[in-house]
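Participant: Questions regarding the structure given below will be posed in turn.
The values are calculated or read from the model by the stated rules, or taken from the named source; none is laboratory data. Bear in mind the structure is a predicted one, so any value in this text is a computation, not a measurement. No Cβ is skipped: glycine too gets one built from the backbone with ideal geometry, and neighbour counts run over all protein chains shown.
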Amino acid sequence: MVVFVYLLIIMSILVFIDGQAGTTGLQVAEKLSAHASVELITLDGDLRKDDGARREAFAAADAAILCLPDEAAKQAAEMAADLDVVLIDASTQHRTDDAWVYGMAELGTDVRAAIAGTKRISNPGCYPTGFLAMAAPLREAGLLPDDAKLTVPAISGYTGGGKGLIEAFDAGTAPRHFSYAHGLSHKHLPEMQKLARLSSCPIFMPSVGDFAQGMLVHLPLFAGQLSKAVTAADLAEIFQSHYQGSHIIKAYDADDLSQHSANGFLPADGLKGTDKLEIFTSYNAQTQQFWLTARLDNLGKGASGAAVQNMNIALGLDETLGLSL
């Protein structure tokens, strides 16, 4: 009698993080360490800056995540231009480049399909992720006109500022809370305007608080800014319908205070350590004003979590693998 033995060989997906020592790179590596299908390609010491070693890593990888400053990300993309590797750029460099797919799958089924069908993905910025999570469904529903004049106040944890700002907060030399980009030209504005399909650039008012991870992005609206009369319940329903079935984005009912603390506060770090995003809708009928808020972890859905999600989609995997939900 002949006995046949069949062996199931599970092939690992090889992933290279270019810039693994940085804040986002470390977070991506941590998430991928819990990813059952991934094997990391790592470079030690000076090899991290050796172009030959980096190109070999790109060539060997199924996917590479660029956790680099803008100019370095541009150079890395050029280095790997002729290679059959999925590149996911976490910098600002390619977010408005039409040759790259903007990697926020929740913007629509066509976006998810585009991510799955490309090898060049630009990871969204943390603030734009929160802004677009609110603005895009309203634009799609025809409620927010393309010439809407929007103001977007926001606050982030200090890890979004990189190692220098982290060290300043750890040393107690940074202000406990500060605003910045007062020149109204923050680097996130081009992607916010383009992806929301707005003819006018929003007024973006970012700030940083004395907490490590977390983010609140606000979108205040007068009822008159919308194309027709709606209630807060109508807006909440639009968000809930848009994100129906999502394991990552949750929209709460109108004026739902369940996530607020006992004193009515909405903690900016309430999703710290997760890759989730939440949307809240509030309304004052007397003043005809809406207050929309997106909450996320600036290093989760705002950076490393989105990169891993995009990698999963591009490689045909369950998009939630490796994420904290």
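Participant: If you check every pair at least six apart or on different chains, which have Cβ atoms under 7 Å apart with a residue in the range 298-318 that is free of Cβ contacts under 8 Å to residues at least 24 places away in the same chain first and a residue that is surrounded by fewer than 24 Cβ atoms within 10 Å (Cβ to Cβ) and of a type in the set (A, V, I, L, M) second?
Facilitator: Here the result reads 312/321, each pair linking the range 298-318 to a residue that is surrounded by fewer than 24 Cβ atoms within 10 Å (Cβ to Cβ) and of a type in the set (A, V, I, L, M).
Participant: Is it fair to say residue 168 is more than 19 Å from residue 296 (Cβ to Cβ) and either in contact (Cβ under 8 Å) with a residue 12 or more places away in the chain or not assigned by TED's automatic domain parsing to the domain that holds residue 279 (or both)?
Facilitator: For residue 168, the condition - more than 19 Å from residue 296 (Cβ to Cβ) and either in contact (Cβ under 8 Å) with a residue 12 or more places away in the chain or not assigned by TED's automatic domain parsing to the domain that holds residue 279 (or both) - is not met.
Participant: Follow-up question, since we're still on this one. On the given criteria, is residue 184 at positive phi, out of contact with any Ser or Thr (no Cβ under 9 Å at 6 or more places or on another chain) and in a loop (DSSP other than H, G, I, E, B)?
Facilitator: Against the criterion (at positive phi, out of contact with any Ser or Thr (no Cβ under 9 Å at 6 or more places or on another chain) and in a loop (DSSP other than H, G, I, E, B)), residue 184 qualifies.
Participant: Let me ask something else. Which pairs have Cβ atoms under 9 Å, sit 6 or more apart or on different chains, and link a residue in the range 123-141 that is over 19 Å from residue 206 (Cβ atoms) to one that is outside any helix (DSSP H, G or I) and acidic (Asp, Glu)?
Facilitator: 139/146
Participant: Out of the range 58-71, which residues are under 22 Å from residue 306 (Cα atoms), small (Gly, Ala, Ser) and over 20 Å from the mean Cα position of the chain (by Cα)?
Facilitator: Correct list: 61 only.
Participant: Restrict the check to the range 262-284 and report whether at least one residue is more than 19 Å from residue 35 (Cβ to Cβ), of a type in the set (Lys, Arg) and not in a loop (DSSP other than H, G, I, E, B).
Facilitator: Taking every residue of the range 262-284 in turn, none turns out to be more than 19 Å from residue 35 (Cβ to Cβ), of a type in the set (Lys, Arg) and not in a loop (DSSP other than H, G, I, E, B).
Each row is one residue, and each column tells you yes or no for (1) of a type in the set (Ser, Thr, Tyr); (2) buried (at least 20 other Cβ atoms within 10 Å of the Cβ).
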| site | (1), (2) |
| --- | --- |
| 264 | no, no |
| 298 | no, yes |
| 320 | yes, no |
| 324 | yes, no |
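Participant: Anything in the range 132-153 that is surrounded by 23 or more Cβ atoms within 10 Å (Cβ to Cβ) and closer than 16 Å to residue 240 by Cα? List them, or say none.
Facilitator: Hits for the range 132-153 are 132, 133, 134, 135, 137, 138.
Participant: Tell me which residues, restricted to the range 271-296, are hydrophobic (A, V, I, L, M, F, W, C), free of Cβ contacts under 8 Å to residues at least 60 places away in the same chain and surrounded by 23 or more Cβ atoms within 10 Å (Cβ to Cβ).
Facilitator: 271, 280, listed by residue number.
Participant: Let me ask something else. Looking at (1) touching a strand residue (DSSP E or B) at 6+ places or on another chain (Cβ under 6 Å); (2) assigned by TED's automatic domain parsing to the domain that holds residue 307, find the lone condition where residue 134 falls short.
Facilitator: (2)
Participant: Can you say whether residue 277 is at pLDDT 95 or above, under 14 Å from the mean Cα position of the chain (by Cα) and within 24 Å of residue 238 (Cα to Cα), as far as the supplied structure shows?
Facilitator: yes
Participant: How many residues does the range 123-153 contain that are closer than 23 Å to residue 269 by Cβ and not small (Gly, Ala, Ser)?
Facilitator: The total comes to 11.
Participant: Take the residues of the range 248-262 that are closer than 19 Å to residue 214 by Cα and not polar (S, T, N, Q): which is surrounded by the most Cβ atoms within 10 Å (Cβ to Cβ)?
Facilitator: Result: 251.
Participant: When the residues of the range 197-217 are filtered to those that are part of a strand (DSSP E or B) and among the small types (Gly, Ala, Ser), which remaining residue is surrounded by the most Cβ atoms within 10 Å (Cβ to Cβ)?
Facilitator: The selected residue is 209.
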